[in-house]
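The values are calculated or read from the model by the stated rules, or taken from the named source; none is laboratory data. Note that the structure is predicted; figures quoted are calculated from it, not measured. Every residue, glycine among them, receives a Cβ derived from its backbone with ideal geometry; neighbour counts consider all protein chains shown. What goes into the accessible areas is simple: the full protein's heavy atoms, side chains included, and nothing from ligands, DNA or RNA. Shrake-Rupley method; radii C 1.70, N 1.55, O 1.52, S 1.80 Å.
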Amino acid sequence: MKIAVIGTGNMGGALVKGWCKSGIAPDLTITAHTQKTLDSITNQYPKVSATLDNVRAVQAADTIILAVKPWMIQQVIEEITPALQGKTLISVAAGARHPRIDIYAMPNIAAEYNQSMTFIEMPANEQAPLQDIEQLFRKVGQVKIVAQQQMTTGMLLSGCGIAFVMRYIRALMESGVEMGFYPKDAQQIVEQTMLGAVTCLQQSGLHPEAAIDKVTTPGGFTIKGLNAMERASFTRAAQAPFANNK
Ligand SMILES: NC(=O)c1ccc[n+]([C@@H]2O[C@H](COP(=O)([O-])OP(=O)(O)OC[C@H]3O[C@@H](n4cnc5c(N)ncnc54)[C@H](OP(=O)(O)O)[C@@H]3O)[C@@H](O)[C@H]2O)c1
């Protein structure tokens, strides 16, 4: 598969770096608005081809990933249409729809470290190469194939959710600093604790509440802390970003 990534900013760049780590750099051609963005990737991954010419990039590929801002999708598709025939067009732009797009995907920026949670919308066209595209995104993390109406939910839980989780990490860090750790140490402690929590749940298959029970001694610090979190409306605050989308 020869891949062109149109737009290599935060999201496109993360995908490209994740794919390079999985060993497919020679199959990638990237574009951007400025040479500076292209250089920032090719300096790190010299086997990637780079051009400021979107049409040239499309000509060199069979699979095109659109990773420009949603309001640029229409304009870029018009620009590359003469070179698009017979090629698969994938968009990762949030909420932008266009009849020429074959497959909609919603990764998150952890793709750079091959830990994306990517949603792929079940394509309306049965001829679209869904399995190949699923394999491509599996190189940068986990993939779920969902119906169109679940794409927004997926984007909120994972595309935006990664920022909500980072905000939680920051909140815990600040308490760590208040209690006497340097910020760097507090960050390391909280990140490792978060990684430990995720690993426990993934490896045990336990529901979070069942795993919490294992940490909670009657009358101990954990239950007091958990109850204090709920008295401060923790669950409500954590669910607030999704309140308008239920
Ligand atoms: N950021 C996320 O976490 C995330 C998650 C999921 C989906 N998305 C989607 O990904 C898309 C990009 O978002 P982003 O956050 O990565 O934005 P971004 O950082 O601003 O990246 C946009 C990229 O598009 C390039 N560009 C601008 N005009 C172009 C043109 N005419 N031809 C080719 N490339 C052009 C820019 O080049 P320069 O760098 O040279 O200016 C930049 O590299 C959006 O549609 C967004 O909905 C983002």
Full-stretch length increase - Thr152, Glu178 - with 0.36 nm per residue and alpha-carbon distance subtracted:
5.6 nm
Mean residue ellipticity (222 nm) of the chain, computed from DSSP H runs ≥ 4 via -39,500 (n - 2.57), nearest 500:
-13500 deg cm²/dmol
Thr37 accessible area, 1.4 Å probe, all protein chains in place, Å² to nearest 10:
40
Taking a ≥ b ≥ c as the square roots of the Cα gyration tensor eigenvalues, with a/c under 1.5 meaning rounded and otherwise prolate when a/b beats b/c, else oblate, which class fits the stretch 46-180?
prolate
Take the solvent-accessible surface of the protein heavy atoms, probe 1.4 Å, and return the percent of it on the chain that carbon and sulfur atoms account for.
55
How much area per residue is accessible in the stretch 8-153 when the probe is 1.4 Å and only protein heavy atoms are counted (Å²)?
51
Subtracting the Cα-Cα distance from 0.36 nm times the residue separation, let me have the gained length for Arg138 to Gln115 in nm, one decimal.
7.4 nm
Could you grab the relative contact order for the stretch 1-111? Cα pairs under 8 Å, six or more apart, rounded to a whole percent.
29
Treating only Lys and Arg (+1) and Asp and Glu (-1) as charged, each at its beta carbon, one finds that the stretch 141-246 has a dipole about its Cα centre, in Debye to the nearest 20, of 260
With contacts defined as alpha carbon pairs under 8 Å and 6 or more residues apart, what's the relative contact order of the chain in percent?
14
Using a basic spin-label model with each label point 7 Å from the Cα along Cα→Cβ, how many nm lie between Gln74 and Val215?
4.9
Residue by residue through the stretch 46-57, the couplings from Karplus 6.51 cos²θ - 1.76 cosθ + 1.60 with θ = phi - 60°, in Hz, x for Gly and Pro, are x, 6, 6, 7, 9, 8, 8, 9, 4, 5, 4, 5
With an 8 Å cut-off on Cα pairs and a minimum separation of 6 or more residues, tell me the relative contact order of the stretch 168-245 in percent.
14
Do the alpha carbons of any pairs in Lys2/Lys47; Lys139/Lys184; Lys21/Lys144 sit beyond 25 Å of each other, and which pairs?
Lys139/Lys184
Spacing of the two label points (7 Å from each Cα toward its C-beta) at Ala163 and Gln85, in nm:
4.2
Counting only residues 5 or more places away or on other chains, whose amide H sits under 5 Å from the amide H of Ile145 once H atoms are built in the peptide plane?
Ile120
Please report, in cubic angstrom per residue, the volume enclosed by the convex hull of the alpha-carbon atoms of the chain.
156
Rounded to the nearest whole number, the per residue volume of the convex hull around the C-alpha atoms of the stretch 182-245 in Å³ is 134
Starting from the amide H of Lys2, placed 1.01 Å from N in the peptide plane, find each other amide H under 5 Å away whose residue is 5 or more places distant or on another chain.
Asp62, Thr63
